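Here is the structure we will look at, set down as structure tokens.
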Amino acid sequence: MHKATVFDCNIIHLPKIYRTAGSITPVQNNIEIPFSIKRIYYLYDIPGGEGRGAHAHKNLEQLVIAASGSFDITIDDGRNKKTVNLNRPYMGLHIKPYIWRDISNFSSGAITFVLASSLYASEDYIRDYDEFLNFRK
Ligand code: TYD
């Protein structure tokens, strides 16, 4: 099976509809993003200096958005790494299966908003980096 590389994980520019009273960004299944959303979750109240992630998924696709504030995501396919700073609520990083991710440098009050293609499944996680590298061989 072909596994995605970090070069297949792109920033998706979502629509931003301007209003003088504020902006709106719509996200629709298979239109603005290339998968159907089964789950939404968000990280918040993240203490300064904390890191999140440190795992990969076998099947899950995600779009990760800085709904508020900013943070860095480093993605890793076992061969290449790419670090992206997310800091706009209308930009998301599309993370494909078998990509290791680390999230760090959260600004104060940051909200990491995640659109996910599957329901939560603990067996979909790869939490050991050496095991991840084995999968990538
Ligand atoms: P985890 O995905 O490891 O968090 P992060 O990668 O952001 O550090 O999840 C942390 C805990 O939350 C873990 O015990 C599983 C639980 N969890 C759910 O129950 N449902 C979910 O949708 C998510 C994302 C996590």
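The criterion of at least 3 residues that are within 11 Å of the ligand (Cβ to nearest atom) and surrounded by 16 or more Cβ atoms within 10 Å (Cβ to Cβ) is met by the following strands (runs of 3 or more DSSP E) wholly inside region 41-105: 52-57, 100-104.
Among the residues making up region 8-23, those that are of a type in the set (A, V, I, L, M, F, W, C) and either surrounded by 13 or more Cβ atoms within 10 Å (Cβ to Cβ) or in contact (Cβ under 8 Å) with a residue 24 or more places away in the chain (or both) are Cys9, Ile11, Ile12, Leu14.
Just one residue in the set Phe113, Phe35 is touching a strand residue (DSSP E or B) at 6+ places or on another chain (Cβ under 7 Å) and surrounded by 12 or more Cβ atoms within 10 Å (Cβ to Cβ); that residue is Phe113.
Do we have Pro26 as within 16 Å of the ligand (Cβ to nearest atom) and either at pLDDT below 95 or surrounded by fewer than 12 Cβ atoms within 10 Å (Cβ to Cβ) (or both) here? Full working, then the answer.
Numbers: within 16 Å of the ligand (Cβ to nearest atom): no; either at pLDDT below 95 or surrounded by fewer than 12 Cβ atoms within 10 Å (Cβ to Cβ) (or both): yes.
Considered against the rule, which asks whether it is within 16 Å of the ligand (Cβ to nearest atom) and either at pLDDT below 95 or surrounded by fewer than 12 Cβ atoms within 10 Å (Cβ to Cβ) (or both), Pro26 comes out as no.
The values are calculated or read from the model by the stated rules, or taken from the named source; none is laboratory data. Model, not experiment: these values are computed from the prediction. FYI the Cβ positions are ideal-geometry reconstructions off the backbone, even for glycines, and counts take in every protein chain you see.
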